[in-house]
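Comments concern the structure below.
The values are calculated or read from the model by the stated rules, or taken from the named source; none is laboratory data. Just so we're clear, the structure is a prediction, and the values are computed from it rather than from any experiment. We place every Cβ from the backbone using ideal geometry, glycine too, and count neighbours over all the protein chains shown.
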Amino acid sequence: MDITPAILIFTPIFLPIAQHLGIDPIHFGIIMVFNLTIGLCTPPVGTILFVGCSIGKVSIDRAIKPLLPMFLALFVVMAIICYFPQLSLMLPGLFST
């Protein structure tokens with residue numbers, strides 16, 4: 001599923017739950033978009049990966065090995081964003097005043 005339909009389908013379901021749990025709506029949106037982006041880049045869905053491999057005429061097996069460090073970095077950044085919401089809310093906080 002592409003990011004836009006996923007946001008349109010899942011946001012009305014999960015946003016009230018996140019607000020009830022005390023999660024900032026902006027932080028929830030950042031986590032949701034980043035998570036969906038990771039899902040588009042990594043297998044088994046990996047739409048972006050499959051399209052890129054077909055355009056470049058490269059097999060998935062050949063393309064996935066060099067991308068493993070990038071996938072690891074994406075997961076580390078996702079964990080940091082989840083555990084330290086101040087980092088992702090700092091910039092929106094500067095513009096809201």
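When VAL76 is tested against (1) under 29 Å from GLY93 (Cα atoms); (2) at pLDDT below 90, exactly one condition is not met: (2).
Checking the stated criteria, ILE38 turns out to be in contact (Cβ under 8 Å) with a residue 40 or more places away in the chain and under 20 Å from ALA73 (Cα atoms).
Of everything in segment 39-63 that's surrounded by 11 or more Cβ atoms within 10 Å (Cβ to Cβ) and of a type in the set (Val, Ile, Thr), which residue is farthest from PRO5 (Cα to Cα)? Only one residue tops the list, namely VAL58. Looking across segment 1-22 at every residue that is under 19 Å from TYR83 (Cβ atoms) and more than 17 Å from the chain's Cα centre (by Cα), the one that is surrounded by the most Cβ atoms within 10 Å (Cβ to Cβ) is identified as LEU21. Please work out which residue is modelled with the lowest pLDDT, limiting yourself to segment 14-65 and to residues that are under 29 Å from LEU89 (Cβ atoms) and among the small types (Gly, Ala, Ser). Taking the candidates together, the pick is GLY39. Here LEU36 meets each of (1) surrounded by 15 or more Cβ atoms within 10 Å (Cβ to Cβ); (2) more than 24 Å from MET1 (Cβ to Cβ) with one exception, condition (2).
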